[in-house]
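I have placed the structure first, in the form of structure tokens, so that the comments after it can refer back to it.
Just so you know, all these numbers are worked out from the coordinates, no wet-lab data involved. From a predicted model like this one, the values you see are computed outputs, not experimental measurements. A quick note on method: Cβ atoms are made from the backbone with ideal geometry, for glycine too, and the neighbour counts reach across all protein chains shown.
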Amino acid sequence: MSVTFEVLATDGAARRGRLTTAHGVVDTPVFMPVGTQATVKALTPDALETAGARIVLGNTYHLVVRPGHDLVRELGGLHRFMSWPGAILTDSGGFQVWSLAKLRKVTEDGVEFRAPLDGSLRFLSPEGVIEIQRALGSDIAMVLDECLAYPAARETTERSLALTRRWAERCRAAHASGGDGQALFGIVQGGTDEELRLRAAAETVALDFDGYAIGGMAVGEPKPRMYALTELVARALPAERPRYLMGVGKPEDLVESVARGVDMFDCVLPTRNARNGQAFTGEGTVTIKQARWTRDAAPLDAACGCYTCRRFSRAYLRHLFVAEELLAYRLLTLHNVHFYLELMAAMRAAIATGAFEAFRARFYARYAVSSLDVPLDDPQRSEA
Ligand SMILES: [Zn+2]
């Protein structure tokens, strides 16, 4: 069974859609928790399902290095290996090669790198990343693209885009020969140049992918620029295919990008920040180690229905975190993932009833946009 997508309702540029996969139906706009090492850190698959997750992201780079995609295939694929019944999107591994690996050598054939984990020399080619993602058995695979640092000169960006396009063609060709129902998404790069972004969008769409990702965002460019580029690219993509903004972001980024027509998101913020003691709430972020919560008997977020908020006080969570108890990481992760997924559910409901603008106004009336969060330009985008 292949992956299909339908738009059920629109409200302005915002879309309420449905992605149907062999591993269940995914309502969009959707947030995908990041499961770097074949696990969303600190959560069981049951807890993820209870929080409302229907799709998670797996990081190809990490799984190739350890335990190896051949081993995962031997044990029945990634779904069975991690006992996750929902859908899985795998990235191509490219982003982590650019952000984590040492001694990269980019050629027409692909990218050679040394894995920090074991020092081994490895090579990713367009055909290779398709083969690897097929071995993992994800529902949605991504093409290999070159990730540019911000800012990049126009000539550099143009040269990179041409390489990314040739790699996309090769990924497309390699994927077409499989026919196992796995979807393949193309990636629109292009830096911060509007003309190049539009060219990249047109060239990627010409290759006819099952969905389209907007890559190379949140790498340090100013926030208004990111929103404007997201809007520009989203408009240039076909209405009937899903749109995925890679590696973004904070709650306000999700709201603003949904408003501009994005359907899918992933980001390490809710999970990684939980382990750093930061919770997302309807009123903004809470830094749990602060002394002000020592005697606070209230839950993290009175409006949240998650297990953490139903059962525990800020004072208890602070105590656990300060004492470095493992339960702190689990309870904060559970809450943050629940908060992100509830935010998406609220947006879906608002779009379906034509009330997205009212939702957006209500969100900002309560939510204090904070600059205290871990910066979005953190290049890692995985939970190493
Ligand atoms: Zn909660």
Once normalised by the length of segment 20-62, the mean sequence separation of its alpha carbon contacts under 8 Å that are 6 or more apart gives a contact order in percent of 50 percent
Step through the residues of segment 214-224 one at a time and calculate ³J(HN,Hα) from phi using the Karplus curve (6.51 cos²θ - 1.76 cosθ + 1.60, θ = phi - 60°), rounding each to whole Hz and writing x for Gly and Pro. 9, x, x, 9, 6, 10, x, 6, x, 4, x
State, in angstrom, two size descriptors of the chain derived from its alpha carbons: Rg to one decimal place and Dmax to the nearest whole number. 20.1, 62
Distance histogram in 5 Å bins (all Cα pairs of segment 117-208, percent per bin): 2, 14, 23, 20, 17, 14, 8, 3, 0
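What longest range of the chain stays clear of loop-exposed GluC sites (Glu not before Pro) (DSSP non-H/G/I/E/B, at most 15 other C-beta within 10 angstrom)?
On the way: sites that count: E108, E240, E283, E324, E325.
Longest run free of exposed loop sites: 109-239.
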With axes computed from alpha carbons, what is the tilt in degrees of helix 154-176 against the longest principal axis of the chain, rounded to the nearest 10 within 0 to 90? 80 degrees
Percent relative contact order of segment 193-334, based on C-alpha pairs within less than 8 angstrom and at least six residues apart? 17 percent
Against the longest principal axis of the chain, how steep is helix 126-136, in degrees 0 to 90 to the nearest 10, with axes from Cα atoms? 50 degrees
Between segment 152-177 and segment 57-99, what's the alpha-carbon centroid distance in Å? 23 Å
Please list, in chain and number order, the residues 5+ apart from G284 or on another chain whose amide H is under 5 Å from its amide H, with Hs placed from the backbone. A368
Under Karplus coefficients 6.51, -1.76 and 1.60, residue-wise ³J(HN,Hα) of segment 309-325 in Hz, glycine/proline x: 6, 6, 10, 10, 8, 4, 4, 5, 4, 4, 4, 4, 5, 5, 7, 6, 6
Largest first, please: the extent of the C-alpha atoms of segment 192-240 along each principal axis, to the nearest Å. 31, 18, 16
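Taking other Cβ within 10 Å of each residue's Cβ, how do Y212, Y364 sort, fewest first?
Details: Y212 24, Y364 12.
So the residues, fewest neighbours to most, are Y364, Y212.
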Any residue on another chain or 5+ positions along whose placed amide H is under 5 Å from the amide H of D296 is listed here as A315
Find how much the distance from E194 to R66 grows on full extension, using 0.36 nm per residue of separation minus their present alpha carbon separation; answer in nm with one decimal. 42.2 nm
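If contacts are Cα pairs under 8 angstrom and at least 6 residues apart, what is the relative contact order of the chain in percent? Let's see the in-between values first.
Working: 761 pairs, mean separation 73.4, N = 384.
About 19 percent, as a whole number.
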What is the angle, in °, between the Cα long axis of helix 356-366 and the longest principal axis of the Cα atoms in the chain? Nearest 10 is fine, range 0 to 90. 50 degrees
For A22, residues with placed amide H under 5 Å, excluding near neighbours: none
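At 222 nm, what helix-only mean residue ellipticity would the chain give, in deg cm²/dmol to the nearest 500, using -39500 (n - 2.57) for each DSSP H run of four or more? Please list the in-between numbers first.
Values: 15 runs with 159 residues, N = 384.
That comes out to -12500 deg cm²/dmol.
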Cα-derived Rg over Rh, computed across segment 72-145 with Rh taken as Kirkwood radius: 1.01
The chain, Gaussian network, Cα under 10 Å: of L144, L327, L269, the residue fluctuating most is L327
